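**Student:** The structure is given below, and queries will be raised subsequently.
The values are calculated or read from the model by the stated rules, or taken from the named source; none is laboratory data. Not measured: the values here are computed from a predicted model. Virtual Cβ from ideal backbone geometry, glycine too; neighbours counted across all protein chains shown.
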Amino acid sequence: MNIPLLISGSLILATGGFFHILENHRPLEDIDRKRHLKFDLTVIVISSLIVAGLTILLLDGVVRAWLTNNVQLFESITSQPLWLRITLALVIGDFGYYIAHRLMHTPPLWRTHVFHHSIQQIYWFSGLRTSAMNSLIIRLPYLIAMCMFAIPLSVLPLIAVCLGGVNFWVHSNLNISLGPLNYLFITPPFHRAHHSMSEIAIDRNFGNVLSCWDYLFGTAGKPSVELNTSVKGFEIEPDQILRQLVGL
Ligand SMILES: [Zn+2]
Ligand SMILES: [Zn+2]
């Protein structure tokens with residue numbers, strides 16, 4: 001039995017359950033979490049299988065080996081305490097995510113990302129609806145950062161759980177403000193605005209964990225009651241589902 005996988009899976013489930021209960025208690029907007037649940041379960045399983053296959057074939061093999069040989073930083077840095085290296089790797093990986101997400105909103109890469117923007121009922125689980133290509137692209141910045149700081153493989157399940165929890169957090173149907181820390185960390189309303197179809201929300205709020213990138217580079221859009229409850233998500237034509245699911 002793969003113990004780290006079992007622990008990671010249990011932690012992810014517990015985190016999802018936690019957000020589910022919070023949403024039951026005080027939802028931000030009145031949505032129907034069951035409306036697209038079957039569709040989401042189906043496409044998430046298919047997309048995850050494609051991503052898992054490609055991750056084992058490429059990211060964990062050829063790409064990781066190449067990165068380890070070519071991007072790992074000097075020993076004076078990789079010999080620093082593990083907690084410091086993980087923190088730096090997550091910050092740099094998060095900046096890479098911000099750039100990748102902005103690029104995915106430009107014409108050549110929009111095809112990889114549009115599936116995520118077809119979510120109409122936004123709640124903690126719905127954010128897992130991403131194309132296989134999207135999932136691979138957003139893994140790359142974090143993988144590069146992990147290799148730069150020589151983060152041991154044994155730590156990766158923990159990081160995966162944390163980033164999975166972040167995905168649940170930013171998509172959760174909760175009206176939570178962190179006060180002044182809103183300028184540093186993404187909140188659910190901040191990412192909710194990114195999904196809004198409103199014109200004032202177009203190309204706003206690209207960050208994943210840290211909102212400071214959006215404030216630094218002028219792409220931050222402040223959440224509002226109007227954006228919170230605005231219409232979200234493109235309609236997917238039935239003949240486009242497969243193409244959007246793969247992300248090509
Ligand atoms: Zn987006
Ligand atoms: Zn999202």
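**Student:** Please go through the stretch 1-45 and give me each residue that is closer than 19 Å to Pro188 by Cβ, assigned to a helix (DSSP H, G or I) and of a type outside the set (Val, Ile, Thr), ordered by number.
**Tutor:** Passing the criteria: Ala14, Gly16, Gly17, Phe18, Phe19, His20, Leu22, Glu23, Asn24, His25, Asp40.
**Student:** Considering only the stretch 106-131, how many residues are within 14 Å of ligand 2 (Cβ to nearest atom), part of a loop (DSSP other than H, G, I, E, B) and of a type outside the set (Lys, Arg)?
**Tutor:** The number of residues fulfilling the criteria is 11.
**Student:** Suppose we filter Ile7, Ile50, Ile46, Ile12 for residues that are surrounded by 12 or more Cβ atoms within 10 Å (Cβ to Cβ) and in contact with a Phe, Trp or Tyr (Cβ under 9 Å, 6 or more places away or on another chain); which single one remains?
**Tutor:** Ile12
**Student:** Quick one: which of Phe185, Phe190, Phe234 is on the phi < 0 side of the Ramachandran plot, within 16 Å of ligand 1 (Cβ to nearest atom) and surrounded by fewer than 20 Cβ atoms within 10 Å (Cβ to Cβ)?
**Tutor:** From the options Phe185, Phe190, Phe234, the qualifying one is Phe234.
**Student:** Moving on to the next point. State which residue is nearest to the chain's Cα centre (by Cα) when the search covers only the stretch 168-190 and only residues that are more than 11 Å from Tyr123 (Cβ to Cβ) and touching a residue at least 40 places away in the same chain (Cβ under 8 Å).
**Tutor:** If we take residues in the stretch 168-190 being more than 11 Å from Tyr123 (Cβ to Cβ) and touching a residue at least 40 places away in the same chain (Cβ under 8 Å), then Val170 is nearest to the chain's Cα centre (by Cα).
**Student:** Evaluate the following for Gly61: is it under 21 Å from Leu143 (Cβ atoms) and either exposed (fewer than 13 other Cβ atoms within 10 Å of the Cβ) or at pLDDT 90 or above (or both)? Steps first, please.
**Tutor:** Values: under 21 Å from Leu143 (Cβ atoms): yes; either exposed (fewer than 13 other Cβ atoms within 10 Å of the Cβ) or at pLDDT 90 or above (or both): yes.
For Gly61, the condition - under 21 Å from Leu143 (Cβ atoms) and either exposed (fewer than 13 other Cβ atoms within 10 Å of the Cβ) or at pLDDT 90 or above (or both) - is met.
**Student:** Something else: Where the second residue is assigned to a helix (DSSP H, G or I) and among the aliphatic types (A, V, I, L, M) and the first is surrounded by fewer than 16 Cβ atoms within 10 Å (Cβ to Cβ) and lies in the stretch 147-162, which pairs have Cβ atoms under 7 Å and are six or more apart or on separate chains?
**Tutor:** Taking only residues 6 or more apart or on different chains, the pairs are Val155/Ile86.
**Student:** Shifting gears a bit: Keeping to the stretch 154-196, report how many residues are within 14 Å of ligand 2 (Cβ to nearest atom), among the small types (Gly, Ala, Ser) and touching a Pro at 6+ places or on another chain (Cβ under 9 Å).
**Tutor:** Looking only at that region, the number is 2.
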